[in-house]
Each structure stands twice: as structure tokens, then as C-alpha cells.
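First comes the structure, then the notes that go with it.
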Amino acid sequence: MNKKEVLEIKKQFTPDNCTITRISGCYVDFEKNKQYESKSAFLSLPEEETFKYFEIFKQTLSGTLGKNLLNMDFPLEQEKFGGTQEFLLKLRDSKLKEDTLLEEFYNMIIENYIYPENYYIFLIHAAYDIPGKSSDGIEMYDASDKVYEYLLCSICPVKLSKPGLSYNYEKNLIENRIRDWMIDAPMKGFLFPAYNDRNSDIHSVLYYSRKPEDIQPEFIEQVLGSGLPMTAESQKESFHTIIKDSIGDDCDYGLIRNIHENLQDMIEEHKEDPEPFELSKPDVKRLLEHSGVQEEKLEVFEKEYENAVGEKASLLAANIASTKKFNIETPDIVIKVKPDRTDLIETRIIDNRKCIVIAVDEYIEVNGITVKTV
């Protein structure tokens, strides 16, 4: 799914556009015991409650594609009889009205979701009449001929509210506030089927993790059965490994700065693309070549890329590029530079010592005090 497709689904989580038919839920305590279950027609809920649910569902489709939101495909074995895809399709087609399927779904999550405290599982069924579009991109709701029927699951921590004081209006006094068990923003979730090319794609699922570095591979394998993606952090580490192992002793400041600047230029060129910008193996090779990496080092790159990432795997540009910072570190010093001003830094040999030289065009401030530059 791309940004526009995710946004199109999120737009349904409003009173005017709501396409949710049913909602079910299960409250699980820290010992993995089911404490409470619920199910109902969504539109039968009080209006003040639905707004809170809408917020949870929107958060389950929030964040950055490739980091918080991961597009994942089902392996062929999971699309066979008895696979996870078949089970999720049964659950979707039941419209959450079959208790045995719901119980099996809750049990799968409880068995495989790693969380040491209480949490709540939300599961909704929705049916979205996909509006047609004119040649100039205007939606035509009276031209809908497809229905996107889907499940959205949100797993939310349940935490005890903080102690404090509150004002009691009826008694006109300050008193100890009652501590309640509050449902927090979702930590994990998924959308099935995926909404690709503005249509249902039963071969894919969109997975959400509030913390990109904690995707819980066991949970993905056992509950969703889909292929495991590389996390944002693992992609970044792999990219760094490829550069270090390919370039070796020739890896100097100027070369790394060139790679950084060229990568920023590539991201800027593709910033309007609906799909997240990915770099394949040939793309990364061209990046290194354009940045000044020598031919013999590029031959080493071929093997290092396959070892770190895989022959056909791609890297998300947003995951491997530092667009908000450019840091230079020594054992005792950290220099932070604006990503677009790396030209202010260079390395030189001064009095037989390797030095980092910083160009000063305006002023220098030390501990908040402006000092002379000469």
C-alpha cells in the first residue's frame, strides 16, 4: 500500500464516512487470561464512544511506510488449505459473527503476542464501496462497482491512570482522583486484506508497529504467517555494513559525505512519488559509483550486498538516509551538522595531525556566549 491508499482507508474513520459494520474485543490481563469480551454492531454504539474508537483505528494506520507500516506478502504455503490466509479470510467473511472463529483468533494473539502487562484486542469488520474516479482524478461515488471488505485489528495497552488530585464539582472540593484502567494508543495492529491499487489484495497484509525496531517476528509468523520484512534499523545497519565492508580503508570523510549528499538528492527527486522510494542492488551500486567509489571496490560490493541484504531485496531510502542529522563523532567529540551544510566540514593534515576543519562564516557560540572568531 502507498500513502494515498492508506489515507483513503483512514478517511473512513469518521461519522460521515464510517463503513464499519461490527466490532469485537477481548481484554487480556498480564497473566494472559481473558477477562472480558464484547461484540456488537458498530453503529449501535453511543456516538461519544465511536469518536474514541475512530482515533484508535486511525492510529493503527499511522506512521511511516517502511518503518511503522510494513507491507507484507503471504508465502505460498500460507495460501494453501489450513494456512493463516485461509483463516483470516474465514474470519473476514464471517463478519465477526462466529464466536468460534473469534475465540481462535484471540487465542492466537494471546499465545504469540509478547507484552508483560494488560492489553485489549480490538477487531473490526468494514465494507467500503470503492468510488470510481474520473480521468482527472475526481471521485465518483455513484460509479462504485467494487467493495473492499476488510478486517482491522488494534492491540492496545491498558494502563492504570496516574495518581493525582481533581476538583469535585458537586462537592466543591479538591479530592484524590479515582485511578482508572485506561486504554492507550495501539502498539501493534494489521489491516487484512491489503488495499493495493485501490482494490482488495488477499495476498498481502499491512502490519503496524508503534516501535519500528520491535516488530515481534514470532507474532507475525504465527498470527499472520506472512513473510518477515527487514526492520528500519536492520536496513540501516545493513547499508552501513555494505559500505564499510565494500570500501574498506578507502572509506574517508569526503566519500561518505558524497554518498550522503547524493542520497539526499535522490530522495528529493522522488519525494512526490506515492510509493516509498526503494533502492535495489543496481540502484545502490550506481549511488556508490556516482559518489566516487573505485571500480575494484564496486566488484566487492556485489558480494557484500548479497550477504547483507539478499540478491533481490531492496532498501527503503528513508530507512538508510539520515535526513534530519549529520553527525561526526570521535571518542571525545560529537559534531552535529545540518544535513544540507556538510560542505562546512572538511578533513586536513595540520602539523602532521589529522584534523576536522569547520568553516565559520558568521559567529561562534560557546555555552550560550558569543565569542570572537579571530
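The values are calculated or read from the model by the stated rules, or taken from the named source; none is laboratory data. A quick note: this is a predicted structure, and the numbers were derived from the prediction, not measured. FYI the Cβ positions are ideal-geometry reconstructions off the backbone, even for glycines, and counts take in every protein chain you see.
For this structure, a couple of remarks:
- Selection status of residue 61, of a type in the set (A, V, I, L, M, F, W, C), in contact with a helix residue (DSSP H, G or I) (Cβ under 9 Å, 6 or more places away or on another chain) and either in contact (Cβ under 8 Å) with a residue 40 or more places away in the chain or in the same structural domain as residue 155 (by TED's automatic domain parsing) (or both): yes
- Scan the stretch 82-127 for residues that are assigned to a strand (DSSP E or B) and either modelled with pLDDT under 95 or not assigned by TED's automatic domain parsing to the domain that holds residue 224 (or both) and the total you get is 0.
- Residue 161 surrounded by 12 or more Cβ atoms within 10 Å (Cβ to Cβ), over 30 Å from residue 133 (Cα atoms), touching a strand residue (DSSP E or B) at 6+ places or on another chain (Cβ under 8 Å) and of a type in the set (Ser, Thr, Tyr): no
- Close pairs (7 angstrom Cβ cut-off, 6 or more residues apart or separate chains): assigned by TED's automatic domain parsing to the domain that holds residue 22 in the stretch 153-166, among the charged types (D, E, K, R) and buried (at least 23 other Cβ atoms within 10 Å of the Cβ) anywhere: 155/188
- Selection from the stretch 33-81 of residues that are under 25 Å from residue 5 (Cα atoms), part of a loop (DSSP other than H, G, I, E, B) and of a type in the set (A, V, I, L, M, F, W, C): 61, 74
- Residue match in the stretch 4-26 (condition: in a strand (DSSP E or B), modelled with pLDDT under 95 and assigned by TED's automatic domain parsing to the domain that holds residue 217): no
- Listed by position, the strands (runs of 3 or more DSSP E) enclosed by the stretch 190-294 that each have at least 2 residues that are surrounded by fewer than 21 Cβ atoms within 10 Å (Cβ to Cβ) and assigned by TED's automatic domain parsing to the domain that holds residue 84 are 199-201.
- The residue list 99, 29, 93, 16 contains one member that is surrounded by fewer than 16 Cβ atoms within 10 Å (Cβ to Cβ) and within 17 Å of residue 192 (Cβ to Cβ), which is 93.
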